[in-house]
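The values are calculated or read from the model by the stated rules, or taken from the named source; none is laboratory data. Everything quoted here is computed from the prediction, not taken from an experiment. Here the Cβ is made from the backbone with ideal geometry for all residues, glycine too, and neighbour counts use every protein chain on show. Just so you know, the surface numbers come from the protein's heavy atoms only, side chains and all, with ligands and any DNA or RNA stripped out. Shrake-Rupley method; radii C 1.70, N 1.55, O 1.52, S 1.80 Å.
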Amino acid sequence: MRIAVLASGKGSNFQNLVNLSRDGILDIEIIKLITNKSNAGCINKAISSKIRYEVINDKDFKTSEEFEYQIINALSNNQIELIVLAGWMKILSERFVNSFKNRIINIHPSLLPSFKGNKAIERAFINKSLITGCSVHFVVPEVDSGELIVQAALAIKSDENIEDLKEKIHSLEHIILPQGISEAGLIIRS
Ligand code: GRF
């Protein structure tokens, strides 16, 4: 399956997908990485993995329409079957989402529908939730609200610290995002 990854951060999920693809464990071809941050860690990972990448910085555009138009341009003519948001921190408009209807998935660090939006791990921790996790879901215009594809749960121990919890959730993300991509591929191709 031909995929594009959109990421704004350090890119550990992106790197994991690159590794699984390279090792023949996940049947995907990563056609392109798009990031909206010129200093994002995912850029160096793309360079060292020889994956094409493009920086499309939202700050360079007067409107979000122009910004998204540039992303659509960067994706077009690449026969992209699935767009994977892997730590992408910009909300995509209804127009953008609908132009790739049911072909965008996102990884979110909570057990949705709990803790939608930013700082989900911190909020679950502060809230003293007994359980949290991560979710892969289809993207719809409402933030973190599309149909769930895969989730993984873990208990928050009473003596847990936030950094350990973040690390555990990231490790779980590296397991369920590839599963979510496979599942989404089956749904898209059915
Ligand atoms: C992940 O926790 C993801 O759920 C969140 O941003 C983080 C990205 O991590 N939306 P990385 O850049 O893939 O390391």
- [ ] Please tell me if Asn39 is within 14 Å of the ligand (Cβ to nearest atom), in a loop (DSSP other than H, G, I, E, B) and either under 16 Å from Ala7 (Cβ atoms) or modelled with pLDDT of 95 or more (or both).
- [x] yes
Open item on the list: Restricting to the range 17-36, name every residue that is in contact (Cβ under 8 Å) with a residue 60 or more places away in the chain, in a helix (DSSP H, G or I) and more than 12 Å from the chain's Cα centre (by Cα).
Closed with: Leu20
TODO: Would you mention how many residues in the range 153-185 are assigned to a helix (DSSP H, G or I), over 17 Å from the mean Cα position of the chain (by Cα) and surrounded by fewer than 16 Cβ atoms within 10 Å (Cβ to Cβ)?
DONE: 3
TODO: Would you mind finding the one in Gly87, Gly117 that is within 16 Å of the ligand (Cβ to nearest atom), at positive phi and within 12 Å of the chain's Cα centre (by Cα)?
DONE: Gly87
Open item on the list: Condition (residue is open to solvent by less than 20 Å² (accessible area, probe 1.4 Å), within 13 Å of the ligand (Cβ to nearest atom) and small (Gly, Ala, Ser)) applied to the range 10-29: is it met by at least one residue?
Closed with: yes
- [ ] Can you confirm whether the range 56-74 contains a residue that is open to solvent by less than 30 Å² (accessible area, probe 1.4 Å), under 28 Å from Thr132 (Cα atoms), away from the ligand (no atom under 16 Å from the Cβ) and of a type in the set (A, V, I, L, M, F, W, C)?
- [x] no
Open item on the list: Of the residues Ala46, Ala7, only one is more than 23 Å from Phe138 (Cα to Cα) and buried (at least 20 other Cβ atoms within 10 Å of the Cβ); which?
Closed with: Ala46
- [ ] Determine whether the range 96-112 contains at least one residue that is assigned to a loop (DSSP other than H, G, I, E, B) and surrounded by fewer than 15 Cβ atoms within 10 Å (Cβ to Cβ).
- [x] yes
Task: Any hit, the range 79-91, residues being in contact (Cβ under 8 Å) with a residue 60 or more places away in the chain, part of a loop (DSSP other than H, G, I, E, B), out of contact with any Ser or Thr (no Cβ under 9 Å at 6 or more places or on another chain) and hydrophobic (A, V, I, L, M, F, W, C) - done: yes
